[in-house]
1. Using a Gaussian network for chain B with springs between C-alpha atoms less than 10 Å apart, which of these wobbles most: B:114, B:183, B:74?
2. So for chain B, what are the equivalent ellipsoid semi-axes in whole Å, largest first, each being the square root of 5 times an eigenvalue of the Cα gyration tensor?
3. Other chains near B:144-155: what is the mean number of their Cβ atoms within 10 Å of each residue's Cβ?
4. So what's the back-of-envelope 222 nm ellipticity for the protein assembly as shown, counting only DSSP H runs of four-plus at -39500 (n - 2.57) apiece and dividing by all residues, rounded to 500?
5. Just checking the output field for B:90-96: average partner chain Cβ neighbours within 10 Å of each residue's Cβ?
6. Can you tell me the Rg and the Dmax, both Å, for the Cα atoms in the stretch A:60-155?
7. Using mean Cβ contacts within 10 Å as the protection proxy, how do B:28-39, A:100-111 order, highest first?
8. Once you sort the root eigenvalues of the Cα gyration tensor of the protein assembly as shown as a ≥ b ≥ c, which label holds: rounded (a/c under 1.5), prolate (a/b larger than b/c) or oblate (the other case)?
Amino acid sequence: MPIRNFKRFVSEAVSNIFKNGLMSIASLFITVACLFILGVFLVVTINLNYISKQVADQCQIQVYITREASNTGQIQNISNQIKTIEGISDIEFKRGEDTFAEFKAGLSEEERASYNGLPDNVIDDSFKITLHDISEAGAISERISTISGVSRVENRQDMINIVYSITNAVRHVSVWIILIFMFISVFIISNTIKLALYARRKEINIMKYVGATDSFIRWPFMIEGMLVGIAGAIIAYFIVQSCYSAGVAALNSTPTMSLLTLRAFGEIWHMILIPFVLVGVLIGAIGSALSIRKYLKV
Amino acid sequence: MILFENVSKTYENGVVALHDVDLFIDKGEFVFLVGSSAAGKSTMIRLMMKEIEPTSGNIVINGVDVCSLSRREIPFFRRTIGVVFQDYRLLPNKTAYDNIAYAMEIVGASRREIRRQVPNVLSMVGLTHKANMYPNELSGGEQQRVSIARAIVNNPAVLIADEPTGNLDPETAKGIMELMDDINRRGTTIIMATHAENIVNTMQKRVIRVESGAISRDDKKGGYSYAN
């Protein structure tokens, strides 16, 4: 396409957007609505991934050792045995006194008072073990529990499994929903454009009579669609941004969210804006190209 | 140069629009196509524009075998023919000037060529002062002048006009016919389908009468209703 034509197509597209104002606005609204819903799923997926990663990071196995083993100096021996197990990324020894002190530090003044009578060594010494892959937590726990001197192994496998199955399910579902939604968007938008083009079919007909080639007619329409798509993407982006910020602020003030954090919009803005612009341009272009085909057959 | 050889056209609904038509129009001629509404005039024009295909026979225009043109070649073929319709068919979003310029943009004319040529044809059709008006701001006669200007701006060898005066009052129609005659005198072949008896009678040009899908009369210097 020569530069001269490109400039002409763009100015043609821009002037057509304004001359067919009502139809442009209709297409714009539908684009915004579709992208907004796409944005909701994007945001949910991004945060679910983030949360499951947090859960994975928090997943550690707690190995308590018997008091007898502690007193007879077998700590190093047990630690060495644990280290030979595959899949362990980090092991950290913690004295029972320290664990108890940490626990008490997390309590309020009154709650702490009720524990004051207890001796400092009420909790056994322990190892805190971090795994490479938390799905192996069950198997590794079992192996550790067979080591002599280990009194019990605690892992939060149940909770991990639940969180994992939920995030996996949502991730799969949202991929499908996003795909289905993009398909629906193209369909709705191409129909809206088809309506717009129906009003302009005479115009296209005239162009054909004067001897315009198909691509010469098609380009301004496609650029028009892409520009509406970009405008829709930008509007939808700002709507998602303000909704997201408000939503995160509301969620963070509830007690259940104190353990987990959601991503700040500043960290994820590009994960929203880039797909929005791409999808906006794509559905605008595809929608226009699909709907104009019929009218070019003169 | 326009040549029809044994051209027949039967529409899909079974209507026989043309039956075995032979016709030769030489370069530079001015020809009226007359006949009643369903006689086949429009079919002949649509065939010349390659809007439809003949069922059988050959059509050659300016040395191009129209029937063998591929879909991709049609736009380029149409640029060699100017066409004017009864309902003007101007682009409503464009000014008179831009409507004419559009026909030049299509063929890839440069900005300079456009700026030189469009005012030329505008002054030829007498609308220099209305260049920046939109079609809905122009009278019927003025719109038809713009559409004629658009048709001739790329200097086509052939100008086809389908009842160009059909929507115009006699006085305005007369002006349009003077313009057409002027264009013809510059060497453009003109084929004009019309019902306007008085126009045909005063112009004294070749008249081809089409009746139920066949040419019933072809007079070198004829009138609309031949004495019979």
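1. B:74
2. Numbers: eigenvalues 167, 92, 47 Å².
For chain B, the semi-axes come out at 29, 21, 15 Å.
3. Values: counts 0, 0, 0, 1, 0, 0, 2, 2, 0, 1, 2, 0.
Across B:144-155, the average partner-chain Cβ count within 10 Å equals 1.
4. Numbers: 18 runs with 287 residues, N = 526.
Calculated at 222 nm, the ellipticity per residue is -18000 deg cm²/dmol.
5. On the way: counts 2, 7, 5, 8, 4, 0, 0.
Across B:90-96, the average partner-chain Cβ count within 10 Å equals 4.
6. My reading of the Cα-based Rg and Dmax gives 14.6, 44 Å.
7. Numbers: B:28-39: 18.2, A:100-111: 10.4.
The packing order, highest mean first, is B:28-39, A:100-111.
8. Values: a/c = 5.05, a/b = 3.66, b/c = 1.38.
Because a/c hits 1.5 or more and a/b exceeds b/c, the protein assembly as shown counts as prolate.
Computed from the coordinates by the stated procedures, all read-outs in this text should not be read as laboratory data. Note that the structure is predicted; figures quoted are calculated from it, not measured. Neighbour counts run over all protein chains shown; Cβ positions are idealised from the backbone, glycine included.
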